[in-house]
Amino acid sequence: MGKLFSEILPEHEAFIQKQRIFFVGSAPLDEEGHVNLSPKGHDVLRILSPTEVAYLDLTGSGNETSAHLDENGRITIMFTAFEGPPMILRLYGKGRVILPETPEWEQMVRHFELILGARQIIAVTLHAVKTSCGFSVPFFSYTGERDTLKKWAEVKCDDGLLAYHREKNSESMDGRMTPIGRRFSESADAID
């Protein structure tokens, strides 16, 4: 049976630190909007306190989580054991987007090893932690991280990454502007 907690306990932290992948769920308020579920790899998640986590968000072909958080803040982060004893652990909270070149970025980025292709940090204040059995989750073996994003970002360089963010990460698939999109819009307005 599942158990509900108000914060991350030491045994939860130990479990989270062993996981090689986690999943992020978010949704817009509009019932016609798309629910988003994103897998996250690499060592990008940090537990900042029993009620706060953050992850370094890497460039992707969409930016749904960012748009949803900007609208309503709701986020769920899920970890599941693919090796060892079964367990699923979910973190429920309110998230916010932290963009590069902001004072909060400078404070928060110190917790991470910066990865080429990082576009923002997602910080989450938790209101619930829930564990469940995971008895039906299959075993999978970890064989390593992909280096595809790093190689792609090296080819793109800074200007290419910015152009990609402007084109692919400025709004959600439902047309909601993201904080990245707003930053580009504001800088265009400042030039005019």
Within region 2-23, identify whether any single residue is within 16 Å of T178 (Cβ to Cβ), surrounded by 13 or more Cβ atoms within 10 Å (Cβ to Cβ) and modelled with pLDDT of 95 or more, and answer yes or no. no
Single match in G93, G73 (criterion: among the small types (G, A, S) and surrounded by fewer than 18 Cβ atoms within 10 Å (Cβ to Cβ)): G73
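Residue by residue, here is whether (1) in contact with a Pro (Cβ under 7 Å, 6 or more places away or on another chain); (2) among the aliphatic types (A, V, I, L, M); (3) under 23 Å from F5 (Cβ atoms) holds:
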site	(1), (2), (3)
P39	no, no, no
R46	no, no, yes
E52	no, no, yes
E64	no, no, no
H68	yes, no, no
I77	no, yes, yes
P86	no, no, yes
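Within 20 Å of I16 (Cβ to Cβ) and either crowded, with 16+ Cβ neighbours inside 10 Å or among the β-branched types (V, I, T) (or both): is that true of T102 in this structure? Spell out how you get there, then give the answer.
Working: within 20 Å of I16 (Cβ to Cβ): no; either crowded, with 16+ Cβ neighbours inside 10 Å or among the β-branched types (V, I, T) (or both): yes.
No, not satisfied.
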Show the residue pairs that are 6+ apart or on different chains and have beta-carbon atoms under 8 Å apart, the first residue being within region 148-166 and within 20 Å of S185 (Cβ to Cβ) and in contact (Cβ under 8 Å) with a residue 60 or more places away in the chain, the second being surrounded by 15 or more Cβ atoms within 10 Å (Cβ to Cβ) and of a type in the set (S, T, Y). L161/T59; Y164/T59; H165/T59
Determine which single condition G144 fails, assuming it passes every other condition in (1) surrounded by fewer than 17 Cβ atoms within 10 Å (Cβ to Cβ); (2) of a type in the set (G, A, S); (3) within 15 Å of the chain's Cα centre (by Cα). (3)
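The values are calculated or read from the model by the stated rules, or taken from the named source; none is laboratory data. Since we're looking at a predicted model, the values are computed, not measured. Here Cβ is always computed from backbone atoms with ideal geometry, including for glycine, and neighbour counts include all displayed protein chains.
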